[in-house]
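Structure first, then comments.
The values are calculated or read from the model by the stated rules, or taken from the named source; none is laboratory data. None of the values given here were measured: they were computed from a predicted structure. Positions of Cβ are backbone-derived with ideal geometry, glycine not excepted, and every protein chain shown enters the neighbour counts. The area values use the complete protein model at the heavy-atom level, side chains included, leaving out ligands, DNA and RNA. Shrake-Rupley method; radii C 1.70, N 1.55, O 1.52, S 1.80 Å.
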Amino acid sequence: MSALVTKAAQLGLSDCVQFMPGLEYPKLVELLGTAVAGLHSMLDEHFGISVVEYMAAGAIAIAHASGGPKADIVVDLPGKGEDDKHTPTGFLAQTKEEYAKAIIKVLSLSEPDREMIRRAARIQAKKFSNEQFEHSLSNAMSVFVEEMNRRCARQRW
């Protein structure tokens, strides 16, 4: 963290950047709810729960175009209606230049366009909620239990 603080000072950003290590979760959620965007740059992260948290809080995700964020999280939602246009749930980037373009894009969006992405992102984030996990696990276990009951019934004759 000290390297980041030093770098911010070198860039003349000390007055614009605030580092908050060890933040309590409720405060983190509160801050994310006021953020325009959340930046995630980890290469090949297997999942990306922080990206899901950005999206659920309403911050537009700008994530690395690899691993879980690319495969499962920051994906366009299918269109509905006549034009069948897909709705982005955030932006993916790999290079410094792509990240810079994504940041500029998010900051340049009109408020209605930002809100459209936020809504889509919240829908996408719900796919990774505890409720969805419990529902999916319950369904999978039901199928498993039914199959085991069938197999046991066949062996009893």
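Here is the figure for the stretch 93-134: residues that are part of a helix (DSSP H, G or I), open to solvent by 30 Å² or more (accessible area, probe 1.4 Å) and among the aromatic types (F, W, Y) total 1. Is it the case, given these coordinates, that V74 is modelled with pLDDT of 95 or more, under 25 Å from F133 (Cβ atoms) and not small (G, A, S)? Spelling it out, V74 is indeed modelled with pLDDT of 95 or more, under 25 Å from F133 (Cβ atoms) and not small (G, A, S). Pairs linking a residue in the stretch 57-68 that is part of a loop (DSSP other than H, G, I, E, B) to a residue that is open to solvent by less than 10 Å² (accessible area, probe 1.4 Å), with Cβ atoms under 8 Å and 6 or more positions apart or on different chains, are G58/A121; A59/G38; A65/A93. Based on this model, can you work out whether V74 counts as surrounded by 10 or more Cβ atoms within 10 Å (Cβ to Cβ), at negative phi and more than 10 Å from the chain's Cα centre (by Cα)? So V74 fails the test.
One line per residue, one yes/no per condition, for (1) farther than 13 Å from A37 by Cα; (2) out of contact with any Ser or Thr (no Cβ under 6 Å at 6 or more places or on another chain); (3) among the aromatic types (F, W, Y):
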residue	(1), (2), (3)
Y54	no, yes, yes
P69	yes, yes, no
T95	yes, yes, no
I104	no, yes, no
A120	yes, no, no
K127	yes, yes, no
S136	yes, yes, no
M141	yes, yes, no
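Of everything in the stretch 7-52 that's open to solvent by 70 Å² or more (accessible area, probe 1.4 Å) and in a helix (DSSP H, G or I), which residue is farthest from G90 (Cα to Cα)? Among those that are open to solvent by 70 Å² or more (accessible area, probe 1.4 Å) and in a helix (DSSP H, G or I), it is Q10.
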